[in-house]
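The values are calculated or read from the model by the stated rules, or taken from the named source; none is laboratory data. Owing to the predicted nature of the structure, the values given are computational and were not obtained by experimental measurement. When we count neighbours, we look across all protein chains shown, and the Cβ atoms used for this are built from the backbone with ideal geometry, even at glycine. Only protein heavy atoms, including side chains, enter the accessible area calculation; ligands, DNA and RNA are left aside. Shrake-Rupley method; radii C 1.70, N 1.55, O 1.52, S 1.80 Å.
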Amino acid sequence: MTDVPEVIARVHREEWARVVASLARRFGDLDVAEEAAAEAFATAVQRWPGDGVPPNPGAWLTTTANRHAIDRLRRELKRDDKQKQAQMLHDDGPPEPIGAIDDERLRLIFTCCHPALAMQTRVALTLRMLGGLTVAEIARAFLVQETAMGQRITRAKAKIKAARIPYRVPSADDLPARVGGVLAVLFLVFNEGYLATGPGADPVRSDLTAEAVRLTRLLRVLLPHDGEVAGLLALMLLTEARRAARVSAGGELVTLDEQDRGAWDPALIAEGHRLVRERLASGVAPGRYQILAAINAVHTSARDIRDTDWSQIVALYDQLTRLDPSPIVALNRAVAAAELDGPEVALAAVDRLGDRLAGYHAFHATRADLLRRLGRSRESRLAYDAAIALAGNTAEIAYLTRRRDQLAER
């Protein structure tokens, strides 16, 4: 017997972006597109348990969403605006030229990443419109309150509408200037899939990681000489290669030092390493994603955690710090430095980040591990408690809970 709620959840993951992109293209209004898509899925929740799942769920949802959008716009149109209403209802005009991008979801990303919007707003809006992430999930990705993120997304859609920013295919000349925001979007979509948050979410959402990789591959075809596109693709591949080893059969996160490296995907690692070598051979100064890819290349080159070249990783983090002096980069550098200089030196560096990362679970998890290694169990337990309270990933919570419970009182 078909588990309809499970089917609806899967179809939402697979079809949300297509439905929203189709509506955005037709109606030119992101608010209408999102609301109509949400109403279509709500209708599916009501009807499919009794009527059965349609043979083509995506087409059913698109048709239903179009009807909802038309109903909404009918109510908003002036009664004498017959010409606009007829055009809206029949949609029999010539198709829009495809231009440089022939994938509607990528076109939607570029629309949401319009330069008129602030960078973080572009990313947040696209995560909502394309990835179907909830406002709560996006807020966690940005380390901000859910209410503030909801307001940011609402204002972004209103600005697009008020400024009459069109749903338009960027020309080839526009692509390089717009790609930075798109890469940031794809990176956050990938990260949400790789370490999924939210109550009831699978610890790893392979649909999101696969979609981020697919779209980044397409960007690579469109912009073959862009080093950061290649760097992001390499970073994703080298990270995705470890996915099968990251969660135990019991649903607990497996950290890098404990992973079965034989379970890593050798084809993805080889492709990622090739991209990193190509960028190094180019002689062009690397950007943020290329350096992160190089760090992952060092990790995946080691057959055992003891073979890891930590001095090279710290040097790469130093290089990254010059481009991105963020507290999260500093935190990750401290983790690597602990392997060279010891946990006490690393803990001092981590503690200096407390004011800026107090709401970030990985900050507390890192402190907990360093305190554990120093034998300060009581302080470590408190740090684990803080990390568990802030973590949104079920596998990570299970791991942190076990490590906390293993501590002996000191």
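Structure notes:
- Sum of side-chain charges, Ser326 neighbourhood, beta-carbon under 11 Å (Lys, Arg +1; Asp, Glu -1): +2
- Couplings 3J(HN,Hα) of the range 272-289, computed from phi: x, 5, 4, 5, 4, 5, 4, 5, 5, 6, 5, x, 8, 4, x, x, 4, 5 Hz, in residue order, whole Hz [Karplus 6.51 cos²θ - 1.76 cosθ + 1.60, θ = phi - 60°; x for Gly and Pro].
- Heavy-atom surface analysis with a 1.4 Å probe gives the chain a carbon and sulfur content of 51 percent of its accessible area.
- Angle of helix 377-390 to the longest C-alpha principal axis of the chain, folded into 0 to 90 degrees and rounded to 10: 10°.
- Calculated FRET value between Arg303 and Arg220, using beta carbons and R₀ = 25 Å, to 0.05: 0.30
- Rounded tilt (10° steps) of 175-194 against the dominant C-alpha axis of the chain: 70 degrees
- Subtracting the Cα-Cα distance of Thr147 and Val53 from 0.36 nm times their residue separation leaves 30.3 nm of extension gain.
- Net charge, Pro176 excluded, C-beta distance under 13 Å - Lys, Arg +1, Asp, Glu -1: -3
- The range 119-153 versus the range 304-329: alpha-carbon centroid distance in Å: 28 Å
- Springs join every pair of Cα atoms under 10 Å in this Gaussian network model of the chain, and among Gly52, Gly251, Gly132 the largest mean-square fluctuation is at Gly52.
- Rounded to whole numbers, the Karplus 3J(HN,Hα) couplings from phi for the range 321-327 are 4, 5, 8, 9, x, 8, x Hz, using 6.51 cos²θ - 1.76 cosθ + 1.60 with θ = phi - 60°, and x at Gly and Pro.
- Pairwise FRET efficiency - Leu77 versus Asp318, Cβ, R0 = 45 Å, nearest 0.05: 0.15
- Built amide H within the under 5 Å cut-off of Val247, gap 5+: Val254
- With protein chains left intact and a 1.4 Å probe, residues in the chain average 49 Å² of accessible area per residue.
- Alpha-carbon centroids, the range 343-410 and the range 231-245: separation in whole Å: 26 Å
- Site pair Ala162 and Glu258 shows an inter-label distance of 5.1 nm when each label is modelled 7 Å from Cα along Cα→Cβ.
- Among (i) 4, 16, 16, 11, 9, 9, 9, 9, 9, 6, 2, 0; (ii) 4, 19, 30, 25, 14, 6, 2, 0; (iii) 4, 18, 26, 23, 14, 6, 3, 2, 2, 1, 0, the entry that matches P(r) over Cα pairs in 10 Å bins from 0, in percent as calculated here: (ii)
- Extension reserve of the Asp173-Ile328 stretch, reckoned as 0.36 nm per residue once the Cα distance is removed: 52.4 nm
- Over the chain, Cα pairs under 8 Å with separation of 6+ residues give a relative contact order of 11 percent.
- Crossing angle, helix 4-27 versus the chain [Cα axis fit, 0-90 degrees, rounded to tens]: 60 degrees
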